[in-house]
Amino acid sequence: MTDIARQASRTAYKGVFPVVPTIFNDQGELDLEGQRRCVDFMIDAGSNGLCILANFSEQFVLTDEERNQVMDTVLEHVGGRVPVIVTTTHFATQICAERSRRAQERGAAMVMIMPPYHGATIRVGERGIHEFFSRVSDAIRIPIMIQDAPVAGTTLSAAFLARMATEIANVAYFKIEVPQAAAKLRELIALGGDAIAGPWDGEEAITLMADLDAGATGSMTGGGYPDGIRQIMDAYAGNRREEAARLYEKWLPLINFENRQCGLIAAKALMKEGGIIASEAVRHPLQPLHPATRADLIDIARRLDPVVLRWGK
């Protein structure tokens, strides 16, 4: 186990852990050199840690072999500079446990997992979800972050999440990105107490200030401008709430545009514009940004002078 992984059980990870996009060339093939440059930029831009193979990484368009290529490439290239969270979501308990074990062996600091779901209608009840996370936890020694997001179509009450934190050894982090996230974070923290090592914000930081006020200690955002989110997080962590609020207002137009207009393509478009990667391609049937939308994204970003637009030039 790496030093990063060894520290996982005793370190409360905090700060900005943005999602790393998966980099393709214009033909839709993995661009592993571009992937390395992307990771270097994100670390240089102030990321406290990284998350790979998440939904914003287009994990759902990758083969299992490609997932392993991306994971191995990123973990080797990061080389312990920052902790890396690996998303290992799968409907099957056994496969999720195997993915999580492999991530741990390669040096992941944590795994992030959604509750098991498939399509629009296949869901699992609380008993099955509890057993799912218990068995995955038994297979590893690093923390588990439960991703509570609408895409799973699964209601996870704060009481149920807190119960899993207290009853399942490695369940300790929670990325909350459902409506009224701040209220849910408050309830989760109140019910779970010390078992909640990491109450985290998500959804591109669109609700970041409310979530920080509710007790969030980490934020998992898009990968395009970690420096901007880091400014907000650092000010808040330093008990400078008014400064954090002003910084949030400053970056909010870009946060909002990413969240509402661009989605997962925003980070790639910014990185391409800044010369970090050669292609901002997403895999079909995902579509590229409309040229007007892309132009607006870059225009909003330029007013903020983020590292992404100058790192590669």
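The values are calculated or read from the model by the stated rules, or taken from the named source; none is laboratory data. From a predicted model like this one, the values you see are computed outputs, not experimental measurements. Using ideal geometry, Cβ is built from the backbone for each residue, glycine included, and neighbour counts are taken over all protein chains shown.
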P285 vs. criteria surrounded by fewer than 21 Cβ atoms within 10 Å (Cβ to Cβ), in a helix (DSSP H, G or I) and at pLDDT 95 or above: no
Test: residue in region 217-225 that is closer than 18 Å to A54 by Cα, in contact with a strand residue (DSSP E or B) (Cβ under 9 Å, 6 or more places away or on another chain) and not small (G, A, S): yes
Every residue from region 131-154 that is polar (S, T, N, Q) and more than 20 Å from the chain's Cα centre (by Cα): S134
Residue in region 69-81 that is in contact with a strand residue (DSSP E or B) (Cβ under 7 Å, 6 or more places away or on another chain), at negative phi, free of Cβ contacts under 8 Å to residues at least 40 places away in the same chain and not in a helix (DSSP H, G or I) present: no
Residue that is nearest to A267 (Cα to Cα) [pool: residues in region 78-98 that are of a type outside the set (A, V, I, L, M) and surrounded by 16 or more Cβ atoms within 10 Å (Cβ to Cβ)]: T87
Subset tally (residues that are surrounded by fewer than 23 Cβ atoms within 10 Å (Cβ to Cβ) and either of a type in the set (D, E, K, R) or under 22 Å from V178 (Cα atoms) (or both)) for region 134-145: 3
Residue within region 18-31 that is in contact with a strand residue (DSSP E or B) (Cβ under 8 Å, 6 or more places away or on another chain), in contact (Cβ under 8 Å) with a residue 40 or more places away in the chain and in a helix (DSSP H, G or I) present: no
Yes/no for G218 being crowded, with 20+ Cβ neighbours inside 10 Å, within 21 Å of D305 (Cβ to Cβ) and modelled with pLDDT of 95 or more: no
Selected residue (only one of A92, A54, A97, A45 is touching a strand residue (DSSP E or B) at 6+ places or on another chain (Cβ under 6 Å) and either at pLDDT 95 or above or more than 20 Å from A281 (Cα to Cα) (or both)): A54
Unmet criterion (only one of (1) part of a loop (DSSP other than H, G, I, E, B); (2) touching a strand residue (DSSP E or B) at 6+ places or on another chain (Cβ under 8 Å); (3) closer than 24 Å to A149 by Cβ) for S279: (3)
Exclusive hit being in contact with a Pro (Cβ under 9 Å, 6 or more places away or on another chain), crowded, with 20+ Cβ neighbours inside 10 Å and under 30 Å from H290 (Cβ atoms), set Y248, Y225: Y225
Extreme residue, nearest to the chain's Cα centre (by Cα), among residues of region 41-68 that are part of a helix (DSSP H, G or I) and of a type in the set (V, I, T): I43
Members of region 179-220 found to be closer than 15 Å to M145 by Cα, among the β-branched types (V, I, T) and in a loop (DSSP other than H, G, I, E, B), listed by number: I196, T217
Tally, over region 207-245, of residues that are polar (S, T, N, Q) and free of Cβ contacts under 8 Å to residues at least 40 places away in the same chain: 3
Test: R36 is more than 14 Å from the chain's Cα centre (by Cα) and at pLDDT 95 or above: yes
Some residue of region 7-17 being more than 24 Å from L286 (Cβ to Cβ), of a type in the set (F, W, Y) and touching a residue at least 40 places away in the same chain (Cβ under 8 Å): yes
Residue satisfying all of: in region 107-130; small (G, A, S) and within 17 Å of L50 (Cα to Cα); surrounded by the most Cβ atoms within 10 Å (Cβ to Cβ) among these: A108
Test: residue in region 228-239 that is over 18 Å from I85 (Cβ atoms), charged (D, E, K, R) and under 19 Å from the mean Cα position of the chain (by Cα): yes
